[in-house]
Amino acid sequence: MTDTCATANISTPTSFPFFQKLAQVLLVLIRVVVLALFLTWRIQNPNRDAMWLWGMSIVCECWFAFSWLLDILPKINPINRATDLAALHDKFEQSSPSNPHGRSDLPGIDIFVSTADPDKEPPLVTANTILSILAVDYPVEKLSCYISDDGGAILTFEAMAEAVQFAEVWVPFCRKHNIEPRNPDSYFSSKIDPTKNKKRPDFVKDRRWIKREYDEFKVRINGLPEAIRKRSETYNSKEEMKEKKLAREKNGGVLPPDPISFTKATWMADGTHWPGTWLNPMTDHSKGDHAGILQVMSKVPENETVMGHSDEKKLDFTGVDIRLPMFAYVSREKRPGYDHNKKAGAMNALVRASAILSNGPFILNLDCDHYIYNSQALKEGMCFMMDRGGDRICYIQFPQRFEGIDPSDRYANHNTVFFDGNMRALDGLQGPVYVGTGCMFRRYALYGFHPPRANEYSGMFGQLKSPAPNISAMQSLQSDQEEDLDTQPLTSHPDLNLPRKFGNSTVLTESIAIAEYQGRPLADHISIKNGRPPGALLLPRAPLDAPTVAEAISVISCWYEDKTEWGDRIGWIYGSVTEDVVTGYRMHNRGWRSVYCITKRDAFHGTAPINLTDRLHQVLRWATGSVEIFFSRNNAFLGSKRLKFLQRIAYLNVGIYPFTSFFLVVYCFLPALSLFTGNFIVQSLNISFLVYLLTITVTLTLISLLEVKWSGIGLEEWWRNEQFWVIGGTSAHLAAVLQGLLKVIAGIEISFTLTSKSGGEDEDDIYADLYIVKWTSLFIMPLTIMVVNLVAVVIGFSRTLYSVIPEWSKLMGGLFFSFWVLAHMYPFAKGLMGRRGRVPTIVYVWSGLVSITVSLLWISISPPDDTTTSGGGVQV
């Protein structure tokens, strides 16, 4: 007999109301038909007075219709998901015949945190992220945390050591009083009453004590740079004295006339040379040239709970588990002449090292500024992985939520339209795209294997087609475009040649089958086709020994990936600045599914740039990656048949959307050209044109309102997103396309860098960065569009006002679209003004140059004659 807990679902997908989905589909169909009729009418009714204007507008409108289709089609099947943590607890952590002591039968999770430069990514921020991870509500013995320091900085290393020391009191404090969030900086800066729902009488005393400890911790972190510098100077002075003494002894008691040379090293606290990057970089000790470093700072925890006790100097942790998860600092080896592949290479090094040290079947990756805001987020993600059919899920993507954004969200930094709209809609297809952080991976899927039962799923939405025989999940590693699955277990394939694919580490290759097995859901029901028996994961982890650590160091060497498939088919994929999207695409292309997990309490919080220039450069990087994807073999046109139709459309849109910038820039200039010439994109504003325009606008508005309703975003957020789409489209997207074309055609690399800066004065304002104006070449096109449209409005209005026969209909058409462009550019204009409307001089200069150039150009193209001077032109 099967009990209730064993058969209960621990995750539930729910579709939106039928009539709401039907209304959305009907509106989309109506708009598609009206768009087709409108474009047909436009082509059949050219403007004979301005064929060039009509032609440009037709081309742009056809592209916008195509682009809109790519965007809207993947949104027709949005779903919501819910998890049941109580059912998860009953299923995996309750006493049962297979688990008499009620230990956790959940699989292990390895958490990766990436950082590269302590100057740009403050160690205190990274330390707070680590503390939130070490205190997460997940079985301690099942959790391991790794930080990848790609800069090999001693500052990051010592900051992490300080964080682990502080975690010894912070983590038990969080468990004792059920603290949320478990990032100490976020917790202590929260404006919510800290005593809310707290019942233990010693909470206030404990909080006061831990707050003082945290303040001292922050001071120690802030003082590390100076402490490291002074320590190194002290040791270097001793080394210099030794060298002088040795030289004096060799020279008969007299110092030689030549200067004494000695190495100015960076020293660790134990009096040895730091093997990473030195304060004064030199050969073997610089960012791109240093040895691999792996330091286990917190050992593998015991399998049994370790309770604390009362300590007069610390807190009373009686009855509180004081164990910490395993934590390791990793800095992969770097040498000149090797392509280290930036973040993707660092992540792959962590995948290999963690496979040897802990081999958690699931991997969560976080940026150093994204901390765990909901301590139960890992369990919520595990609800999907451990549910029926969870063995076919390659990753769980959590939405990104940001702190420190200005209240008006001027530049759409929250990106709620994407995270609450597009991603939720993709969840109804084959799954959301991978967006770089806050993602829980199945390790086996990262290794490039196909999912079990891949041929059971097909159709537009990737739903279950028909029952099929149980296929072992341990399938051979095949080409992404190969269609026939090999259904035999991995162990029966002597020709797999795993060392050629994964490298020559036997420990690593042997860990693959273990990770696959441990990642399976429980085989507690007849519907579970690829499960493991209950109680299979109750065995304790073995402590780490020196040979194991040495093996882990060997797999993070710079030569390990030579002649392997790491970065090509295994792990994070190389070759794009948006390695996250490509990595997720490869998994979907093999037939895996992904899930979007929106928790009631946000799972993770992070930071985002609120400065206009920084935001545009962020968008530029994303768009550049999309262009690279379009011109690579990762273009969805080349995807396999396992990539479902609407999922393919979504990935096509990822690679194509930056190219809309060309047409958007042209269309933003059309209103100005209409006002300059006195012509419009149509011969006249007749009834047919206005009816078509009204119908297209009304259907788009209704579709947007439905999207706002099912996604839960606000109308202001939707409008901010529309504004920044125009701002980014006319600047960063255009630059990304130009970069991509020059790289593909001519092999020329172009980067857009900051050239001048105007800063604010109020350092106490948390939004001070919002008002900083950093001039960049990305400003040129949006600024030109604004100035040209403003000049055109003045010229068009003056021409019509002083004309013998004013054509007000054409003027109103041009004015309407010019104001439409300017309304979208309003946040950009505010960004240029800085604080209190102070516009940088370069903006005045550029605006003046554009205005003068446009005026002179128009005078040369259309010089005034007797007729225009007397009535049809501008009176000067």
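The values are calculated or read from the model by the stated rules, or taken from the named source; none is laboratory data. Small disclaimer: the values here were computed from a predicted structure and weren't measured. Reconstructed Cβ throughout: ideal geometry from the backbone, glycine too, with neighbour counts over all protein chains shown. For accessibility, only protein heavy atoms count, side chains too; no ligands or nucleic acids. Shrake-Rupley method; radii C 1.70, N 1.55, O 1.52, S 1.80 Å.
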Q: Run residue 719 past the list (1) surrounded by fewer than 16 Cβ atoms within 10 Å (Cβ to Cβ); (2) of a type outside the set (Ser, Thr, Tyr); (3) touching a helix residue (DSSP H, G or I) at 6+ places or on another chain (Cβ under 7 Å); (4) modelled with pLDDT of 90 or more and report the number of the one that doesn't hold.
A: (3)
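Within the group 110, 84, 105, 49, which residue is under 28 Å from residue 364 (Cα atoms) and surrounded by fewer than 20 Cβ atoms within 10 Å (Cβ to Cβ)? Before you say what the answer is, go through the steps one by one.
On the way: 110 fails: surrounded by fewer than 20 Cβ atoms within 10 Å (Cβ to Cβ); 105 fails: surrounded by fewer than 20 Cβ atoms within 10 Å (Cβ to Cβ); 49 fails: under 28 Å from residue 364 (Cα atoms).
Among 110, 84, 105, 49, only 84 is under 28 Å from residue 364 (Cα atoms) and surrounded by fewer than 20 Cβ atoms within 10 Å (Cβ to Cβ).
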Q | Selected residue (criterion: most open to solvent (accessible area, probe 1.4 Å)) from residues of region 315-339 that are of a type in the set (A, V, I, L, M, F, W, C) and assigned to a loop (DSSP other than H, G, I, E, B) | A | 322
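For the subset of region 182-192 comprising residues that are in a loop (DSSP other than H, G, I, E, B) and modelled with pLDDT of 95 or more, which member is farthest from the chain's Cα centre (by Cα)?
Residues of region 182-192 in a loop (DSSP other than H, G, I, E, B): 182-183, 190-192.
Subsequent filtering for residues that are modelled with pLDDT of 95 or more retains 182-183.
Values: 182: 22, 183: 20 Å.
By that ranking, first place goes to 182.
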Q.
Whether any residue in region 754-774 is touching a Leu at 6+ places or on another chain (Cβ under 8 Å), at pLDDT 75 or above and either part of a loop (DSSP other than H, G, I, E, B) or open to solvent by 60 Å² or more (accessible area, probe 1.4 Å) (or both) is what I want to check.
A. no
Q | Test result for residue 395, of a type in the set (Ser, Thr, Tyr), out of contact with any strand residue (DSSP E or B) (no Cβ under 6 Å at 6 or more places or on another chain) and buried (at least 23 other Cβ atoms within 10 Å of the Cβ) | A | no
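Residues are listed down the side, and each one gets a yes or a no for (1) under 22 Å from residue 144 (Cα atoms); (2) open to solvent by 10 Å² or more (accessible area, probe 1.4 Å):
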{"site": "366", "(1), (2)": "yes, no"}
{"site": "379", "(1), (2)": "yes, yes"}
{"site": "403", "(1), (2)": "no, yes"}
{"site": "409", "(1), (2)": "no, yes"}
{"site": "423", "(1), (2)": "no, no"}
{"site": "428", "(1), (2)": "no, no"}
Q) Can you name the residue in region 579-594 that is open to solvent by less than 10 Å² (accessible area, probe 1.4 Å) and of a type in the set (Val, Ile, Thr) and is also nearest to residue 439 (Cα to Cα) among such residues? A) 583
Q.
Please go through region 103-125 and give me each residue that is in a helix (DSSP H, G or I) and touching a helix residue (DSSP H, G or I) at 6+ places or on another chain (Cβ under 7 Å), ordered by number.
A. 123, 124
Q) What number of residues in region 680-696 are open to solvent by 60 Å² or more (accessible area, probe 1.4 Å), in a helix (DSSP H, G or I) and at pLDDT below 90? A) 2
Q.
Among the residues of region 521-577, what is the count of those that are open to solvent by 40 Å² or more (accessible area, probe 1.4 Å), within 21 Å of residue 109 (Cα to Cα) and in a loop (DSSP other than H, G, I, E, B)?
A. 10
Q: Scan region 193-207 for residues that are basic (Lys, Arg) and touching a helix residue (DSSP H, G or I) at 6+ places or on another chain (Cβ under 7 Å) and jot them down.
A: 198, 200
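Which of the following residues is in contact (Cβ under 8 Å) with a residue 60 or more places away in the chain, touching a Leu at 6+ places or on another chain (Cβ under 7 Å) and either among the small types (Gly, Ala, Ser) or at positive phi (or both): 650, 608, 672?
Only one candidate passes the filter, namely 650.
Determine which member of the set 215, 193, 185 is surrounded by fewer than 21 Cβ atoms within 10 Å (Cβ to Cβ), in contact with a Leu (Cβ under 9 Å, 6 or more places away or on another chain) and over 12 Å from residue 320 (Cβ atoms).
Values: 215 fails: in contact with a Leu (Cβ under 9 Å, 6 or more places away or on another chain); 193 fails: in contact with a Leu (Cβ under 9 Å, 6 or more places away or on another chain).
Sole residue among the options that is surrounded by fewer than 21 Cβ atoms within 10 Å (Cβ to Cβ), in contact with a Leu (Cβ under 9 Å, 6 or more places away or on another chain) and over 12 Å from residue 320 (Cβ atoms): 185.
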Q: Could you list, in sequence order, all residues of region 275-299 that are open to solvent by 20 Å² or more (accessible area, probe 1.4 Å) and touching a Leu at 6+ places or on another chain (Cβ under 8 Å)?
A: 296, 299
Q | Some residue of region 232-247 being open to solvent by less than 70 Å² (accessible area, probe 1.4 Å) and either basic (Lys, Arg) or assigned to a loop (DSSP other than H, G, I, E, B) (or both) | A | no
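Name the single residue that is modelled with the highest pLDDT among those in region 524-558 being more than 21 Å from residue 331 (Cβ to Cβ) and polar (S, T, N, Q).
Going through region 524-558, the residues more than 21 Å from residue 331 (Cβ to Cβ) turn out to be 524-543, 545.
Restricting the remaining residues to those that are polar (S, T, N, Q) gives 527, 530.
Numbers: 527: 75, 530: 84.
Among those residues, the one meeting the criterion is 530.
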Q. Under the condition of being farther than 9 Å from residue 627 by Cβ and of a type outside the set (Gly, Ala, Ser), which residue from region 739-749 is modelled with the lowest pLDDT?
A. 749
